[in-house]
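Before any comments, here is the structure.
The values are calculated or read from the model by the stated rules, or taken from the named source; none is laboratory data. Keep in mind it's a predicted model, so treat the numbers as computed, not measured. Here the Cβ positions follow ideal geometry from the backbone for every residue, glycine too, while neighbour counts run over all protein chains shown. All accessible areas refer to the heavy atoms of the entire protein, side chains included, with ligands and DNA or RNA removed. Shrake-Rupley method; radii C 1.70, N 1.55, O 1.52, S 1.80 Å.
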Amino acid sequence: MDKKQYQQLQKSVNRTKKSMLLQVVYSVFFWGLVGIVLSYFLPLAYYRATGDDREEYQSIPSAFNAGYQEDSLKDDTLEKYRYYWYEMGQRNLHYDPIDRQAQLGFLGKEEVYPVISRLGNQKRVAYTVEERYLFNQVMNTTVSSDTLTAFAPSTTIYEPGNSVLTYDSFLDYLRSLGEYKQAEISITLKNAQIPSELREKLADLFVQHYSIDYRSGNIFGYSDEMVRQTISNDYDQQVTESVTQGLVFLEKHYKDFGNLGWDRQDNLHFTNNLTDQIYLYDFGDILDYVKDNGVKVSAVHVSGSCAELAQWLTENRSLVMRVQLQQLSDIMIQDVVTEGE
């Protein structure tokens, strides 16, 4: 083989190498692109096949929230579990399904929902919970909050006989704030009360949570919103049905959904020094207790104008063992426009 033939052969080999390299690059690019596309379409097909297609997956914020109705909680196990978890297990943390947002992720999806706190007619976001799914399996949960300062309550406990601050001085403090400040307080009762009798005594106060008489310091309970969803016309029976249904549901699905990320050490630090702590429960034990003893209320979490609260605490001081201030806020006054003005 002469020199010219050798050079031609070498050029041919080089062209073949380049062609093979381009084919490899093209194949990697093509199949990588196919893999990325499938990684999004496969979970979407999976969610559709399993019935978990209640939203349109798109970039956050998602437009599906516009027509979302809370009634859909009845048909969605996870939504219902979230509702009961916060409504029963927290004094003033509530799941907000209206603002839940979702988008498809790699081989799964990402969901974000706010946990809100209420004070009178005001709502504010206490936490944001982000969950990363591999198909239907939660792989990671992150709890974050940008409003820690807003939720740092007074840690002073006001109770009769307290050497730091007496019950009467606490009443004077509330009266001094008047009608244009509203407060959120937790009241521990001297004796457990029958739900209907206590509800009558609470009159027009806004009750955010009732803690059932279970163990000392227990906050697990129910809300008026839960009670309104039951069929019975008897209030005490409604309460019993609501609490029982919630406990049965939480116990049944706890193995599937767990503590919603609140069992992770890196998430729990967000609850330090806040108004609401995340408590973990054995729902079976509470259910057995309710079946044996019925539902009575050991504590309530209420809000109202400071003047209203001071008046109620004055008139019902015989019921109160301890009262703790949680939040203070200005009352939002909305302008009323009369037709013709």
* Compute the accessible area per residue over region 163-303, keeping the other protein chains in place, probe 1.4 Å, unit Å². => 49 Å²
* Say the cut-off is 32 Å between C-alpha atoms; which of Lys123/Lys201; Lys181/Lys252; Lys123/Lys190; Lys201/Lys252; Lys181/Lys255; Lys109/Lys291 go over it? -> Lys181/Lys252; Lys201/Lys252; Lys181/Lys255; Lys109/Lys291
* Order the peptides 246-254, 204-212 from the highest to the lowest mean number of other Cβ atoms within 10 Å of their residues. => 204-212, 246-254
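Report the extension gain between Glu251 and Ser19 in nm, rounded to one decimal, defined as 0.36 nm multiplied by the number of residues separating them, less their alpha carbon distance.
Result for the pair: 77.3 nm of gain on full extension.
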* Kindly state, to the nearest 0.05, the FRET efficiency for Asp96 paired with Ser176, given R0 = 35 Å and r defined as their beta-carbon distance. => 0.55
* Asked: Quick one: length gained pulling Ser196 to Ile231 fully straight, 0.36 nm per residue minus the C-alpha distance?
  -> 11.0 nm
